[in-house]
Amino acid sequence: MSAKSFEEFARANQRRLYRTAYLLCGNAETARDLTQTTLAKLFQHWRRVGAADSPHAYARTVLTRTYLAERRRRIRDLLAHTPMDPPAADISPDLTVTLLSALAELPPRARAMVVLRYWEDLSVGTVASLMRCSESTVKSQCSRSLARLREQLGDARTYTVQA
């Protein structure tokens, strides 16, 4: 596989990878970094990726695992260098909660499962394989995460960002 075929792949899939990255991390700059890191890793191993049955699925796996590894690294660094603050006091009931901010409240692994399962519309088996866990773990984590999201979002039908 040539560098040219990688460039074609990167151009064709960069936006889709970015959207998934944004949903995982909830921050545009971090999503760009995550997308670029993923593409760099793919380029390093392009012979293997290009020969795969589904290079986009391979890329999504790299993206997800890179996100989870970075989150673990950040959490480990944060715990090692800063004291934990108590949780914030009551959130104002007038505050409109957006889907992205509700997703941000989920732990990284649960958030990744919800994004892959419901945004990327992957099967339970595929998510389990990507996340290196059992299918029952995916089902239970997604169920708990969706319940938590429903609780946070309430009966709101329109999600807006409050200025």
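Derivation of every value follows stated rules applied to the coordinates shown; laboratory data play no part. Remember, predicted model here, so these are calculated numbers, not experimental data. Positions of Cβ are backbone-derived with ideal geometry, glycine not excepted, and every protein chain shown enters the neighbour counts.
Distance from the alpha carbon centroid of segment 99-129 to that of segment 8-54 works out to 17 angstrom.
Listed peptides 134-144, 30-40, 112-122 appear in the order 112-122, 30-40, 134-144 once ranked by packing, highest mean of other Cβ atoms within 10 Å at the front.
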